[in-house]
Amino acid sequence: MIILVTGGARSGKSSFSESLYENKEDVVYIATSKIYDKEMEERVILHRQSRPLSWRTYEGNYDLKKAVGEEKNYILDCVTVLLSNRMFDITKDEEFISFQLQSQVENTVFNELKCLIDEIRRRNYNLIMVTNEVGDSLVPESHIGRVFRDIQGRINQRIASVSDEVYLVCCGIPVKLK
C-alpha cells in the first residue's frame, strides 16, 4: 500500500502519518532533513523523540531504496525537504533555473521516489510519503521560490497518481481524497 499525505506547514501531516503505524514496531522512518543550524538540530531531536524507539531511522536524500530492509512499514518525511535538498544540489548557485534544468530536477526527484515505491511494491510492503501542499499560498516573490513551488506541485501530482490512497490534512483533520 502506497499512501501520500499532503497538507500545509504544521497541518498535522506527520502526526497523522505516524498514527497510521501506531501499533506497529516494524517501521522505518526515512528522514530527509539535513541539519544546517541549531534550529534544525532542535527540530530533528524533537521529531526523533516523538517516534517509538522500536522504529528504525534512515537518514538520506539519495538511494532511498537502500532504506528498505526486513521491516514492512515505511514513512518518508518529507518529499518537500527531499526536493529542496536535491534541487539545491543540482542547481547549486544558479540565479536562473531554465525550464530544462527544472525538468532535470523534477525528473531526478520523481525517479528517486519511484525507485523507492517500486521496491516497496515489489516486496509487498507499505509506504507513507509526507509532502507539503504548496499551491494554496501566495505566489513566491523570487524566481527560485516560484520554480520550487512549481516543481513541488508537479511532483505531488505525479506521486499522487501512483499512490493507492491520498490524504489532505488541514487543522489536524485528515480528509481522504483517493
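The values are calculated or read from the model by the stated rules, or taken from the named source; none is laboratory data. This one's a predicted model, so the numbers in the text were calculated from it and none came from an experiment. We place every Cβ from the backbone using ideal geometry, glycine too, and count neighbours over all the protein chains shown.
From L101, L138, grab the single residue that is aliphatic (A, V, I, L, M) and modelled with pLDDT of 95 or more.
It is L101.
Exactly one condition in (1) loosely packed, with under 14 Cβ neighbours inside 10 Å; (2) more than 21 Å from E71 (Cα to Cα) is false for I151; which is it?
Status for I151: all satisfied but (1).
How about region 59-83: which of its residues are surrounded by 14 or more Cβ atoms within 10 Å (Cβ to Cβ) and either touching a Pro at 6+ places or on another chain (Cβ under 7 Å) or outside any helix (DSSP H, G or I) (or both)?
G60, N61, V68, E71, K72, N73, Y74, I75, L76, D77, C78
Can you confirm whether G153 is free of Cβ contacts under 8 Å to residues at least 24 places away in the same chain, of a type in the set (G, A, S) and closer than 17 Å to K13 by Cβ?
On the way: free of Cβ contacts under 8 Å to residues at least 24 places away in the same chain: yes; of a type in the set (G, A, S): yes; closer than 17 Å to K13 by Cβ: yes.
In short, yes.
Does F16 fit the bill of being more than 20 Å from I144 (Cα to Cα) and aromatic (F, W, Y)? Full working, then the answer.
On the way: more than 20 Å from I144 (Cα to Cα): yes; aromatic (F, W, Y): yes.
Spelling it out, F16 is indeed more than 20 Å from I144 (Cα to Cα) and aromatic (F, W, Y).
For (1) farther than 27 Å from K114 by Cβ; (2) touching a His at 6+ places or on another chain (Cβ under 6 Å); (3) surrounded by fewer than 20 Cβ atoms within 10 Å (Cβ to Cβ), each residue gets a yes or a no:
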residue	(1), (2), (3)
M1	no, no, yes
R10	yes, no, yes
E18	no, no, no
N23	yes, no, yes
Y29	no, no, no
K38	yes, no, yes
R48	yes, no, yes
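If I go through region 69-107 residue by residue, how many of them are touching a residue at least 12 places away in the same chain (Cβ under 8 Å), farther than 19 Å from E59 by Cβ and polar (S, T, N, Q)?
3
Which residue pairs have Cβ atoms under 7 Å apart, sit 6 or more places apart or on different chains, and have a first residue in region 23-36 that is in a loop (DSSP other than H, G, I, E, B) and a second that is of a type in the set (S, T, Y)?
Note: pairs meeting the criteria are E25/S54.
Taking region 32-55 on its own, how many of its residues are touching a Cys at 6+ places or on another chain (Cβ under 9 Å) and either at pLDDT below 85 or of a type outside the set (S, T, Y) (or both)?
Applying the first criterion (touching a Cys at 6+ places or on another chain (Cβ under 9 Å)) to region 32-55 yields 32-33.
Now drop any that are not either at pLDDT below 85 or of a type outside the set (S, T, Y) (or both), which leaves 33.
Here the count works out to 1.
Hey, could you check region 49-65 for residues that are over 16 Å from the mean Cα position of the chain (by Cα) and not hydroxyl-bearing (S, T, Y) and say which is nearest to V130 (Cα to Cα)? So that I can check it myself, show each step before the final result.
Keep residues of region 49-65 that are over 16 Å from the mean Cα position of the chain (by Cα), which gives 49-56.
Now drop any that are not not hydroxyl-bearing (S, T, Y), which leaves 49, 51-53, 55-56.
Details: Q49: 18, R51: 15, P52: 18, L53: 20, W55: 17, R56: 17 Å.
That would be R51.
So which of R154, R158, R86 ends up being of a type in the set (K, R), part of a helix (DSSP H, G or I) and touching a Phe, Trp or Tyr at 6+ places or on another chain (Cβ under 6 Å)? Write out each step before concluding.
On the way: R154 fails: touching a Phe, Trp or Tyr at 6+ places or on another chain (Cβ under 6 Å); R86 fails: touching a Phe, Trp or Tyr at 6+ places or on another chain (Cβ under 6 Å).
Going through R154, R158, R86 in turn, the sole match is R158.
Looking at the structure I just gave you, is P174 free of Cβ contacts under 8 Å to residues at least 24 places away in the same chain, not basic (K, R) and not in a helix (DSSP H, G or I)?
It is false that P174 is free of Cβ contacts under 8 Å to residues at least 24 places away in the same chain, not basic (K, R) and not in a helix (DSSP H, G or I).
Quick one: count up the residues across region 95-139 that are in a loop (DSSP other than H, G, I, E, B) and loosely packed, with under 14 Cβ neighbours inside 10 Å.
Narrowing region 95-139 to residues in a loop (DSSP other than H, G, I, E, B): 95-98, 124-125, 133-139.
Now restrict to residues that are loosely packed, with under 14 Cβ neighbours inside 10 Å: 95-96, 98, 124, 135-139.
So the answer is 9.
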